[in-house]
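Read the structure below first, then the notes.
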Amino acid sequence: MLLTLAKSKQLLLLALLLLTFQACKQSEFYDKAAILDPTKATVANPGTSTGTLPPGNGSEGGTTITPPVIVTPPVVVTPPVVVTPPVVVTPPVVVTPPVVVTPPVVVIPPVVVTPPVVVTPPVIVVTTPKVDCSGSWGACSQTCGGGLQSFIVSTQASGGGLSCQASAGATQACNKQACINLVDRTEIFTQDSTRDGDVDILWVIDDSGSMADNQDALSRNFNNFITQFLDKKIDFKMAITTTDGTSSRNGKMVGDSSMLTRASATGNRAAFTNNFSKWVKVGTSGSGIEQGLKCASSFLDRYSSTFLRQDAYLAIVFLSDEEDQSEKKVSEYLTRFQAAKKNKGMVKAYSIVTKTLPKNAQWETIGKRYLDVTTATSGSSSDITADFSATLKDMGGSIVNLIDRFALAEAPYNNLIQVYVNNVEAKAGWTFDSVAHTLKFNADSIPAEGAKVEVKYKVSATVLGAI
């Protein structure tokens, strides 16, 4: 009995649960129907407590509810996230800055050049002769000259006749020539070691019909001449003219002297050499009456103001296989050349001429007048038939050697000179070139910058005018 009661309670509870569950399902059904299609759902009047409910199977009693259309919700496709591809930045190449190393200063050992001299034109002081020895032989019993190598003329010597004795003790036959008038000369220079030496070179080249080979030889061997000037850093200028003094070419410049300088040679050596080699071939159509001295003088008349430099040496080089036939005396042309400088010693003439006639000579003649002006200026000469290579090398060396020397205006009598530096006699430390008439100080005895250098000597009163 107890079991039956317990079981009845369980069934009752189960029935209640089912009713509750059924009611929930219907309510849920209406809710869903209303949501899906409100027109097909009958809703109980909210003001009443009852309403028509569909039967459990949906086909009987109440309002027929069309089952909702079950719409499959669309597949919501989430649009892909568009990812902008990253900008690929190539990482910069990191260049380690180079280590800047200051290149070492390459010091080329300087060419040791003896400091040049002769800047201030020398002051030349000349005194009158002390004795006039123009009298008769009997007047020779007097002192001639005085000072350096003065002659004392004795009376009648034993054995007859007259004799003259020099202060040094030498004797010789007494005659008018033994009694020489001597003139005192003083030249004053200023030592300058602050600049390079300067030289202006004028080439006077024979342009007659026989000179083609000689012009060609000069052209081919020119480097032997000019290399010495470049090696010693001498500031040079060159110009070219011909020996044709009978036409408008008289003293006219050939080529362009502004392109024949040290600056042009160091700037472009090949172009410089080519220009000189081309221009010295002046041709062979010039006059057969060679007038080299006249043309050199005419060149100075035309171009002195533009070509010559005040403190530079003037070297005139004559190249000819025949004698000069200029109208004036050699002495007149020499005076014109030396007038270009305040110190006559700064003018030097050089000759490459016929010195000895070759066998079977046809047109060649000895260039005596060229040689005379060369000797008078203490220059140097060479035979035109000699090896041009050696000739130009020696001649170039002679000109280069002038740069660090004091050139005297005259030839000292017996090559005797006295040297004073700042009024103190210098009895050593120098040498005298008796051929070029130049004074050169030894390397360890060069006067200080700005020092006054005096050179005293005697010259013969004989005048050059005969040449």
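The values are calculated or read from the model by the stated rules, or taken from the named source; none is laboratory data. Here the structure is a predicted model, which means the values were calculated and not measured. Note: ideal-geometry Cβ built from the backbone for every residue, glycine included; neighbour counts use all protein chains shown.
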| request: Select, from Asp383, Asp372, the only residue that is charged (D, E, K, R), in contact with a helix residue (DSSP H, G or I) (Cβ under 9 Å, 6 or more places away or on another chain) and more than 21 Å from Ser297 (Cβ to Cβ). | output: Asp383
| query | Are any residues in the stretch 300-314 part of a helix (DSSP H, G or I) and either small (Gly, Ala, Ser) or surrounded by 16 or more Cβ atoms within 10 Å (Cβ to Cβ) (or both), and if so, which ones? | reply | Leu300, Tyr303, Ser304, Ser305, Phe307
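Can you confirm whether Ile226 is in the same structural domain as Ser320 (by TED's automatic domain parsing), over 24 Å from Gln325 (Cβ atoms) and touching a Pro at 6+ places or on another chain (Cβ under 9 Å)?
Values: in the same structural domain as Ser320 (by TED's automatic domain parsing): yes; over 24 Å from Gln325 (Cβ atoms): yes; touching a Pro at 6+ places or on another chain (Cβ under 9 Å): no.
Here the answer is no, as Ile226 does not meet what is asked.
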| request: Could you run through the stretch 253-290 and say how many residues are surrounded by fewer than 19 Cβ atoms within 10 Å (Cβ to Cβ) and of a type in the set (A, V, I, L, M)? | output: 6
| Any idea which residue in the stretch 448-460 is surrounded by the fewest Cβ atoms within 10 Å (Cβ to Cβ), counting only those that are at pLDDT below 90 and farther than 18 Å from Ser378 by Cα? | Ala448
| query | Does at least one position in the stretch 440-452 carry a residue that is of a type in the set (A, V, I, L, M, F, W, C), in a helix (DSSP H, G or I) and in contact (Cβ under 8 Å) with a residue 60 or more places away in the chain? | reply | yes
| task | For the stretch 315-348, name all the residues that are part of a strand (DSSP E or B) and surrounded by fewer than 23 Cβ atoms within 10 Å (Cβ to Cβ). | result | none
| Which residues, counting only those in the stretch 349-371, are of a type in the set (Lys, Arg) and either in contact (Cβ under 8 Å) with a residue 40 or more places away in the chain or crowded, with 17+ Cβ neighbours inside 10 Å (or both)? | Lys355, Lys368, Arg369
| request: Name the residue, out of Met253, Met238, that is within 18 Å of Asp198 (Cβ to Cβ) and free of Cβ contacts under 8 Å to residues at least 60 places away in the same chain. | output: Met238
| note | Going through (1) outside the structural domain of Asp231 (by TED's automatic domain parsing); (2) surrounded by 16 or more Cβ atoms within 10 Å (Cβ to Cβ) one by one, Asn415 fails only at (2)
| said: Between a residue in the stretch 265-277 that is assigned to a helix (DSSP H, G or I) and any residue that is exposed (fewer than 14 other Cβ atoms within 10 Å of the Cβ), which pairs come within a Cβ distance under 8 Å, given they are 6 or more apart or on different chains? | reply: Asn275/Asp256; Ser277/Arg220
| For the stretch 345-361, which residues satisfy the criterion of being within 35 Å of the chain's Cα centre (by Cα) and of a type in the set (Val, Ile, Thr)? | Val347, Ile352, Val353
| query | Right, Leu392: surrounded by 15 or more Cβ atoms within 10 Å (Cβ to Cβ), in contact (Cβ under 8 Å) with a residue 24 or more places away in the chain and in a loop (DSSP other than H, G, I, E, B) or not? | reply | no
